[in-house]
Amino acid sequence: MTSLNLSVKLAPENRRGLLLSNPVMTASGTFGYGTEYAEVIDIQRLGAIICKGTTLKPRPGNPQPRLVETAGGVLNSIGMENIGVNALIREKAPIWVGWSLPVIVNILGESITEYAELASLLNEVPGVSGIEVNISCPNVSAGGIEFGASPKAAAAVTAAVKVKTTLPLIVKLSPNVTDIVAIANAIIEAGADALSLINTLKGMVIDPLSRRPVLGNISGGLSGPDINPIALYMVYQVARNVKVPVIGCGGIATANDALEFIMAGASAIQVGTAIFANPNAPLDILDGIERFMEDEGVRELSELIGAAA
Ligand SMILES: Cc1cc2nc3c(=O)[nH]c(=O)nc-3n(C[C@H](O)[C@H](O)[C@H](O)COP(=O)(O)O)c2cc1C
């Protein structure tokens, strides 16, 4: 048995640190709170879990239908249905305390103040190892434009969260932008420890018979294999222009996909939509990465990060 080193430090500059035993994480909104899968797969083997997007108050989500399949993926308009941060702290975090892997809470606010309040509430909660900030949310006070669509707004959210928490801070980039590198740099300047990308791409599906949009919310977020090459190129562009760790996400379904993202410069990867078809997909991907390393005689994952960049 060879000894491979797949461990990853996702927040090397952060005092509290964020050490993963391997680079395979689950993407927010596709793996619940992890607790739902604890009986189904050996979750302790995962690098980390990012839990469902969490808001200050519980949210019922968007009108049905909320999910429709596309040629190579899924379009969703879940609308951030979640139990709210207080229930998460009361009911979920105490379970995570007993787990050996880090659980990172994905947060979403409707204003900068809400993001800051969420960060402050989570800061000292045992069982919470980091925060991932979802900036793909309409900024109500700026006419509904996503926080993630402008360097200024994205940096303002990051800075507001940073002053309220010492937890490792990951900011998740929106792909629905014109210059993702400019936004990434603004976010790092504002204090992010790591970046994750990408969130879903905006899209819609129409049913010709009913002549109506299929989703109750009209538009939704596209994920799965459809978005893979777009996500890969964004990760490549961002990773070669920033100094903090980058977490790749978008249509990763196989070990090969994961290796592509790692070679594009990602220090870790997130598996999302692939979990719907196969809950064991993240662990199959981990096994595949290990096999690749053994076959190629690579002992350290770090040798592969950015190998294609
Ligand atoms: C049903 C569903 C719910 C999601 N919920 C969230 C969420 O709450 N917060 C977030 O940042 N991203 C959310 N996402 C986006 C995913 O975390 C991921 O960024 C995206 O789906 C691309 O990865 P994938 O192609 O592997 O699914 C969601 C995606 C899906 C499909």
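The values are calculated or read from the model by the stated rules, or taken from the named source; none is laboratory data. Small disclaimer: the values here were computed from a predicted structure and weren't measured. Cβ coordinates were reconstructed from backbone atoms using ideal geometry, including for glycine residues, and neighbour counts include every protein chain displayed.
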Of 55, 35, the only residue that is at pLDDT 95 or above, out of contact with any Gly (no Cβ under 9 Å at 6 or more places or on another chain), of a type in the set (S, T, N, Q) and more than 20 Å from residue 224 (Cβ to Cβ) is 35
Matching residues in region 143-186 (surrounded by 22 or more Cβ atoms within 10 Å (Cβ to Cβ) and at pLDDT below 95) number 2
Taking first residues from region 241-253 that are more than 17 Å from residue 185 (Cβ to Cβ) and more than 10 Å from the ligand (Cβ to nearest atom) and second residues anywhere that are among the β-branched types (Val, Ile, Thr) and in a strand (DSSP E or B), the pairs with Cβ under 6 Å that are 6 or more apart or on different chains are none
Counting only residues that are of a type in the set (A, V, I, L, M, F, W, C), over 30 Å from residue 112 (Cβ atoms) and either within 14 Å of the ligand (Cβ to nearest atom) or touching an Asp or Glu at 6+ places or on another chain (Cβ under 8 Å) (or both), region 7-43 contains a total of 1
Filtering region 67-108 down to residues that are within 20 Å of residue 161 (Cα to Cα) and within 12 Å of the ligand (Cβ to nearest atom) yields 80, 104, 105, 106, 107, 108
Considering residues that are crowded, with 21+ Cβ neighbours inside 10 Å, away from the ligand (no atom under 14 Å from the Cβ) and either among the β-branched types (Val, Ile, Thr) or closer than 17 Å to residue 89 by Cβ (or both), the number found within region 44-66 is 0
Taking first residues from region 4-32 that are on the phi < 0 side of the Ramachandran plot and second residues anywhere that are within 12 Å of the ligand (Cβ to nearest atom) and part of a loop (DSSP other than H, G, I, E, B), the pairs with Cβ under 6 Å that are 6 or more apart or on different chains are 27/272; 28/53; 30/272
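Yes/no per residue for (1) buried (at least 22 other Cβ atoms within 10 Å of the Cβ); (2) on the phi < 0 side of the Ramachandran plot; (3) charged (D, E, K, R):
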| position | (1), (2), (3) |
| --- | --- |
| 188 | no, yes, no |
| 198 | yes, yes, no |
| 202 | no, yes, yes |
| 206 | no, yes, no |
| 209 | no, yes, no |
| 222 | yes, yes, no |
| 228 | no, yes, no |
